[in-house]
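Heads up, the thing below is written out as structure tokens.
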Amino acid sequence: MKMRIAIIPGDGIGPEIMSEALKVLKAVCSRFGHELSYDTFLAGGAAIDAFGVPMPEDTLKGCRENDAILFGSVGGPKWDDLPWDNINGAITPSRGIQVLRQEFQLYANLRPAKANRHLIKVAPLKPELLVNADVLVVREQCSGLYFGEPRGIVRENGLRRGFNTESYREDEVARVAHKAFELARTRRKKLTSIDKHNVLESSRLWREVVIEVAGNYPDVQLDHMYADNAALQLILNPGRFDVMVAGNIFGDILSDITACYHGSLGMMPSASLGDGKFALYEPIHGTAPDIAGKNIANPVSQILSVMMMLDYSFGLTREAKAVENAVDAVFEKGYRTVDLCGPEHQRVSTTEMGELVCNALVEQPG
């Protein structure tokens, strides 16, 4: 198979961990006989520095010409005080990824969180809580509070007022609900829908539409949970969840909570899907500017984003499993980056972790 990938390294630790993910992707192609071509583009803070905008047209054009996007992370203190309004909207680095999501209607963000048996000792939760921790959060990400209009900051009676709009159309809810139900069918056939049905009109519509869509999936068990309770249950009883579907802001917050199953956001990949195979893959963490350039960042989030890309965009389930197994084999041998390292482990750098995963991939039988 020939894979054409648009690479967007981003800012901070983005280029460092992207380099290791590319090493692993090349190792996959070499072992399994696939052809890889890729082009590198700018977005976020790096694009603002070079072009004055967080998402240049050349980057959008390049993404359109490829089969998938492998994205790093964008942002950092350098760009924190940029204005939020210009003719094209916000020019902050995060606007870059938002433009991609909207441009390609990548409305379903998949964030898997499965406790790794080799990392239980460094996770902040009790080991007995992590035995059955295997959650897939499906986050709607093209609507909701992050995109609703009107929005802004205005001055009224001498005081500033900031406002955003939480808004969903029924078709926007229905399409992400269908995606979540379809994914639940491939797992344990249980879907929990997250909302604030008791106080938000947008959540009342959300719940109504999810229930309507459920009629197409009689084999999937559906239940509902308020977002605040879901946050608590993800800590107290993670095994009660299979697939969760949530609006933009709830899904963003709840999926970050699941990082406690590993003890680090550096373990958390994601996939942003639309209606076809074209999709975007990225870690869920930020740019970690405090450790950028030190060769200590954990690249596993970016490597596992490659795993998801192989599976969802290219249908290469065997190759995706090989990447997952390689990461697991490295952890089994006791190698850790600093974020996961205990006294009994062997600390390795960003580049060393990438090389170890590549070696483990090559050494796998079959």
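Rule-based calculations on the coordinates, nothing more; no lab input. In this text, all values refer to a predicted model and were calculated from it rather than measured experimentally. With ideal geometry, Cβ positions are generated from the backbone for all residues, glycine too; neighbour counts draw on all protein chains shown.
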message = At 0.36 nm per residue, and after removing the present C-alpha to C-alpha distance, how many nm does the segment from THR351 to GLN364 gain when stretched out fully?
response = 2.6 nm
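Of VAL53, VAL243, VAL209, how do they rank once you tally other Cβ atoms within 10 Å and put the fewest first? Mind showing how you got there, number by number?
Working: VAL53 18, VAL243 26, VAL209 21.
Fewest-to-most ranking of VAL53, VAL243, VAL209: VAL53, VAL209, VAL243.
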message = If I compute Kirkwood radius over Cα pairs in Å from the structure I just sent, which labelled value in (1) 21.7; (2) 21.2; (3) 30.5 lines up?
response = (2)
Under-5 Å amide H pairs with TYR335, H placed in peptide plane, nonlocal only = GLN346
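Report the calculated FRET efficiency for ASP223 and VAL122 (r = Cβ-Cβ distance, R0 = 30 Å), to the nearest 0.05. Walk me through the numbers on the way to the answer.
Numbers: r = 32 Å, r/R0 = 1.05.
Taking R0 as 30 Å, the efficiency between ASP223 and VAL122 is 0.45.
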query = Which whole-number percent gives the relative contact order of the range 63-203, counting Cα pairs below 8 Å spaced six or more residues apart?
reply = 15 percent
request  = Quick one: dipole size for the chain, taken about the Cα centre, charges +1 on Lys/Arg Cβ and -1 on Asp/Glu Cβ, in debye to the nearest 20.
outcome  = 620 debye
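Taking the DSSP beta bridges in the chain as the whole, what percent of them are antiparallel, to the nearest 5?
Roughly 40 percent of the beta bridges in the chain run antiparallel, per DSSP.
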request  = Could you work out the mean projected area of the convex hull around the alpha carbons of the range 124-261, in square nanometres to one decimal?
outcome  = 9.6 nm²
request  = Using only alpha carbon pairs under 8 Å that are at least six residues apart, calculate the relative contact order of the chain and give it in whole percent.
outcome  = 22 percent
remark   = Checked against a 22 Å limit on the C-alpha separation, the offending pairs among LYS114/LYS321; LYS114/LYS333; LYS196/LYS277 are LYS196/LYS277
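Counting pairs of Cα atoms in the range 126-187, how many percent are more than 14 Å apart? Mind dumping the intermediate values first?
Working: 1331 of 1891 pairs.
Distances greater than 14 Å cover 70 percent of the Cα pairs.
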query = Once you put a point 7 Å from the Cα of ASN325 and another 7 Å from the Cα of ASN198, both along the Cβ direction, what distance in nm separates them?
reply = 4.8 nm
query = Quick one: length gained pulling GLU170 to VAL131 fully straight, 0.36 nm per residue minus the C-alpha distance?
reply = 10.3 nm
task = Scan around SER143 for amide H atoms under 5 Å from its own, H built in the peptide plane at 1.01 Å from N, and keep only partners 5 or more places away or cross-chain.
result = none
message = For the range 219-366, compute the orientation-averaged projected area of the C-alpha convex hull (one quarter of its surface), in nm².
response = 11.3 nm²
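Which of rounded, prolate or oblate describes the range 273-337 when judged by the alpha-carbon gyration tensor and an a/c cut-off of 1.5?
It comes out oblate by the Cα gyration axes.
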